[in-house]
Amino acid sequence: MPPWGAALALLLAALALLGLLAPRLRRAVGARTLPGARGQDHEEEADGRGAAAPFSDGREPLPGGCRLLCKPSALAQCLLSALRRSTALEPRPRSWLSGPHLQTLCHFVLPVGPGPELAREYLQLADDGLVALDWVVGPCPRGRRVTNAGGLPAVLLVIPNAWGRLTRNVLGLCLLALERGYYPVIFHRRGHHGCPLVSPRLQPFGDPSDLKEAVTYIRFRHPAAPLFAVSEGSGSALLLSYLGECGSSSYVTGAACISPVLRCREWFEAGLPWPYERGFLLHQKVALSRYASALQDTVDTHRLFRSRSLREFEETLFCHTKSFPISWDTYWDHNDPLRDVDEAAVPVLCISSADDPVCGPPDHFLPTELFHNNPYFFLLLSHHGGHCGFLRQEPLPAWSHEVILEYFRALTEFFRTEERMKGLSRHRASFLGGRRRWGTLQKREASPSSNLDEIFSWKRSYTR
């Protein structure tokens with residue numbers, strides 16, 4: 001870890017510790033948590049009611065007090081069955097890691113430690129910008145399982161948070177996915193995590209143009225392998241924007257979002273509890289400070305580095321540009337991750353916690369109508385987990401990672417069954433059609449039951 005990274009981690013930890021001890025922060029965060037949650041954790045887990053109950057849509061609770069919110073469909077029923085069998089959701093005794101702030105801070109502040117072996121590729125974009133792809137190439141575990149029936153490992157595209165920090169949970173997900181037979185690759189935006197900023201242009205919050213080119217390149221390298229995608233926290237805006245803009249032409253088979261920020265504009269305008277706001281803001285300032293001279297021709301760097309909030313930083317960087325200034329409203333017209341959500345044609349599982357201290361309470365940051373009405377979107381809501389935490393006792397990985405990989409496996413089995421049923425229907429149609437043609441040659445009268453167009457004209461769909 002570089003010296004500034006260690007200093008940032010220490011400052012984040014100090015700010016968070018002061019915030020946890022200060023009555024001022026307890027009052028501020030208390031307004032963003034669910035009423036009556038303190039002292040009722042065991043009762044909520046025991047009877048399946050509590051914070052997540054309004055979002056259950058009448059479904060039976062899942063293990064661990066979690067709830068699945070979705071529109072009824074064949075795929076939803078398959079996913080619900082897989083989650084009920086999941087050992088990752090089984091109730092566990094409360095520990096010192098159960099608090100939402102500790103779950104969140106362990107994720108963002110603790111050093112990464114020995115991670116996977118990465119092989120970096122730089123991808124030059126159409127406008128001569130650069131993004132980085134970190135392919136996870138090791139350590140190769142023994143008994144590595146293959147996720148695809150054809151023998152090719154599925155590619156898992158991982159999108160970190162929008163601040164560019166590569167967290168321990170992202171690397172933990174990559175290691176677990178590698179062990180389960182996936183080929184993980186981490187996408188880094190322009191200027192993030194050591195990727196050089198060769199042009200004075202950064203990627204806006206929800207602009208998927210760079211991700212489109214990266215996905216096209218991944219598809220070129222692995223044309224026959226299934227492609228799954230996972231995003232973390234604020235990075236979910238990029239993934240959802242991509243899925244909405246590409247629609248049915250997306251190369252992604254299935255996607256998952258860990259603690260997604262869905263109402264992004266409201267999230268920026270409301271602000272975060274001050275330890276998180278200051279910590280995330282400081283991280284962005286430190287990351288961009290090395291490019292201050294390159295950016296001074298396009299943005300007001302003096303105002304940028306004196307920003308006091310995430311909104312002011314974002315607005316200065318992308319709205320108050322010297323060449324093409326735009327309004328805050330116009331910026332979100334082009335970067336809201338849900339602007340084209342109705343066009344998304346890929347199943348998306350969102351995993352959120354009711355005690356998320358960064359996003360806030362579910363009734364404020366979760367657009368529940370999206371999960372009620374869109375058959376491609378599923379919400380798994382838990383009582384505990386913090387923001388992108390969902391930690392368990394070491395050495396077990398975060399339970400969200402286990403659930404995501406089980407979800408991808410359920411998708412693979414579901415699509416395989418669907419294709420098998422379609423193939424069987426086509427085979428029956430061909431066989432019975434041949435019998436009908438033979439009967440016509442013999443000049444026999446066809447029976448009413450041989451009306452194949454009426455029998456086999458329907459099409460199976462996993463959104464039915």
From most to least accessible, 1.4 Å probe, no ligand or DNA/RNA atoms counted, 322, 285 line up as 322, 285
For segment 263-336, shape from the Cα gyration tensor axes a ≥ b ≥ c, cut at a/c of 1.5 then a/b versus b/c, turns out oblate
Sorting 199, 289 on solvent-accessible surface, 1.4 Å probe, most exposed first, gives 289, 199
Residue by residue through segment 408-417, the couplings from Karplus 6.51 cos²θ - 1.76 cosθ + 1.60 with θ = phi - 60°, in Hz, x for Gly and Pro, are 5, 5, 5, 4, 4, 5, 5, 5, 5, 5
Checking rank on 356-365, 300-309, 224-233, 68-77, with mean other Cβ inside 10 Å and highest first, the result is 224-233, 356-365, 68-77, 300-309
Interchain or sequence-distant (5+) residues whose placed amide H lies within less than 5 Å of the amide H of residue 131 are 123, 125
Here the net charge surrounding residue 191, from other residues whose Cβ is less than 12 Å away from its Cβ (Lys, Arg +1; Asp, Glu -1), is +3
The answer for residue 321, listing residues at least 5 apart or on another chain whose modeled amide H is closer than 5 Å to its amide H, is 326
Relative contact order of segment 263-336 (C-alpha contacts under 8 Å, at least 6 apart) in percent is 32
For the residue 140, residue 285 Cβ pair and Förster radius 35 Å, calculated FRET efficiency rounded to 0.05 is 0.35
Over segment 263-336, with neighbouring protein chains present, the accessible area per residue in Å² at probe 1.4 Å is 51
With all protein chains in place and a 1.4 Å probe, residue 412 shows an accessible area in Å² (nearest 10) of 30
With label points set 7 Å from each Cα along the Cα-to-Cβ direction at residue 87 and residue 127, the distance between them in nm comes to 4.9
Under a 1.4 Å probe, counting only protein heavy atoms, residue 179 has an accessible area in Å², nearest 10, of 90
With every protein chain kept in place and a 1.4 Å probe, the residues 78, 388 fall, from largest accessible area down, as 78, 388
For residue 158, other-chain or 5+-apart residues with amide H closer than 5 Å (H placed, Pro excluded) are 185, 186, 187, 230
Once phi for every residue in segment 351-362 is put through the Karplus expression 6.51 cos²θ - 1.76 cosθ + 1.60 (θ = phi - 60°), the whole-Hz ³J(HN,Hα) values, with Gly and Pro written as x, are 10, 9, 10, 6, 10, 5, x, 8, 7, x, x, x
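The values are calculated or read from the model by the stated rules, or taken from the named source; none is laboratory data. Please read these numbers as outputs of a predicted model, since none were measured by experiment. We place every Cβ from the backbone using ideal geometry, glycine too, and count neighbours over all the protein chains shown. Calculation scope for accessible area: heavy atoms of the full protein, side chains included, ligands and nucleic acids excluded. Shrake-Rupley method; radii C 1.70, N 1.55, O 1.52, S 1.80 Å.
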